[in-house]
Amino acid sequence: MTAAAPSSMPAPAPAPGALAAPLLRWFDRHRRDLPWRRRPSPYRTLVSELMLQQTVVATVVPYFERFVARFPDFAALAAAREEEVTALWSGLGYYARARHLRRAALAVVAQHGGALPSEEEALRALPGVGPYTAAAVAAIAFDRRAFALDGNGIRVLARLHAVRAPSNLPATRAHLHRLGLALVPPTRAGDFNQAMMELGALVCSPRAPSCDQCPVRAHCAGLAQGLALDALPVKQPRPARQQIRIACAVVQRRGRVLLVRRQPGELLAGTWALPSVVIADGTPAVEAARSAARASGAAVDDAGLAAARALGRVRHVFTHRDLTAEVFALTERAAGAARAADAAPDQHRWVAPGELGELGISSFTRKTLAAAGIGERKRDSRGKSA
Ligand code: SF4
């Protein structure tokens, strides 16, 4: 419920000591039982924080459990091949996080004797660890006085302090970070950070915040000033997503499908996908699919190209891109075929449906494979193919 107090009420300024105490009391009663909060360790905190970037808690939970069961510590992760790590990340999106996490584990083992450093600056030097993750890990894993400004924190602070400047501007974020840091108590910094995130997730929700149940309502300037709380934080409209059309080629050989590895700098870099190219303006989609097949290293001859058959259209929305894939089946030449795809197994591979779960495959690629009637087998809770 959105509760708005009369605008004539004085606007309280959240006072550091006064706000932390009721917030921590509330957190002690309402904290969710999440797997990374059980048996906490710096390693588990880092894994969870990287997984939670851009991804909601409910999605992360099963991935986290599988991941730490397979790689229980930095040494195990550092010893893993990149492909094993991205395979366990399959479907979670933003695959650079998986590669960064493995490289961070290598750095922790090589440079820090296997123990994660506790200072924000040293954490920021690790691959994939930005200011937010460094602050979250320093506070949660080491109880350092730091503040991790995530989307929940931005919303809570913008309302608590009645900040009406657009929150997606760097200057506003820096301001909100300073406001948040000033509220962090000298002890229980980790719990305070998690309490702010939890408050944003459970009470100070984007729409219709439950102000009547809020432990810090007495300190909330937005509520006291009668602001339209749903409208905070203010955001500048994003530019429209880029529209991209691609053609994907499904080439099969003896029950296996040809997949190529996405290259650094490409969308979904490091994951395995159907050969694809962007459809240039004016080019028929089927021609683009033929180009993708030719460029893939598969031995598709003229007859196979001519027999290209449309399988369907797949749409996938990324943060900044709106992707439409036209999926075509092409026929591989049977005898005497070139074996370019066999010669570079780290870049091209013939994959049986039962092997898909062992590769890093994005949700988008799963959809394109499903258009061809190809699906991976389900995994059990230990991450093994069932
Ligand atoms: Fe309401 Fe509490 Fe959020 Fe203020 S901080 S808007 S009182 S839920």
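Points to keep in mind about this one:
- Residue in region 323-335 that is assigned to a helix (DSSP H, G or I) and surrounded by fewer than 20 Cβ atoms within 10 Å (Cβ to Cβ) present: no
- Checked against (1) under 22 Å from the mean Cα position of the chain (by Cα); (2) on the phi > 0 side of the Ramachandran plot; (3) open to solvent by 90 Å² or more (accessible area, probe 1.4 Å), Leu268 passes all but condition (3).
- Residue identified as within 16 Å of the ligand (Cβ to nearest atom) and either over 21 Å from Arg29 (Cα atoms) or not basic (Lys, Arg) (or both) among Ala162, Ala136: Ala162
- When region 206-254 is limited to residues that are open to solvent by 80 Å² or more (accessible area, probe 1.4 Å) and within 30 Å of Leu359 (Cβ to Cβ), the one that is farthest from the ligand (Cβ to nearest atom) turns out to be Arg254.
- Selection status of Pro185, within 16 Å of the ligand (Cβ to nearest atom), part of a loop (DSSP other than H, G, I, E, B), in contact (Cβ under 8 Å) with a residue 60 or more places away in the chain and open to solvent by less than 30 Å² (accessible area, probe 1.4 Å): no
- Filter result for Val257 (open to solvent by less than 60 Å² (accessible area, probe 1.4 Å), away from the ligand (no atom under 16 Å from the Cβ) and in a helix (DSSP H, G or I)): no
- Qualifying residue in region 25-39 (condition: open to solvent by 40 Å² or more (accessible area, probe 1.4 Å), at pLDDT below 90, under 25 Å from the mean Cα position of the chain (by Cα) and closer than 30 Å to Ala107 by Cα): yes
- Residues (surrounded by fewer than 18 Cβ atoms within 10 Å (Cβ to Cβ) and modelled with pLDDT under 90) located in region 283-308: Arg294, Ala295, Asp301, Asp302, Ala303, Ala306, Ala307
- Of the residues making up region 280-289, at least one is closer than 20 Å to Gln347 by Cα, touching a residue at least 12 places away in the same chain (Cβ under 8 Å) and assigned to a helix (DSSP H, G or I).
- Residue match in region 100-109 (condition: under 25 Å from Asn152 (Cα atoms) and either touching a helix residue (DSSP H, G or I) at 6+ places or on another chain (Cβ under 8 Å) or of a type in the set (Lys, Arg) (or both)): yes
- Verdict on Thr319 being surrounded by 18 or more Cβ atoms within 10 Å (Cβ to Cβ) and either modelled with pLDDT under 90 or closer than 19 Å to Trp89 by Cα (or both): no
- The set of residues in region 40-58 that are farther than 16 Å from Met197 by Cα and over 14 Å from the mean Cα position of the chain (by Cα) comprises Pro40, Ser41, Pro42, Tyr43, Arg44.
- Residue that is nearest to the ligand (Cβ to nearest atom), among those in region 139-159 that are of a type in the set (Gly, Ala, Ser) and not in a helix (DSSP H, G or I): Ala148
The values are calculated or read from the model by the stated rules, or taken from the named source; none is laboratory data. From a predicted model like this one, the values you see are computed outputs, not experimental measurements. Positions of Cβ are generated from backbone atoms using ideal geometry, with glycine treated the same way; all protein chains shown enter the neighbour counts. Keep in mind that these areas ignore ligands, DNA and RNA; they rest on the heavy atoms of the full protein, side chains included. Shrake-Rupley method; radii C 1.70, N 1.55, O 1.52, S 1.80 Å.
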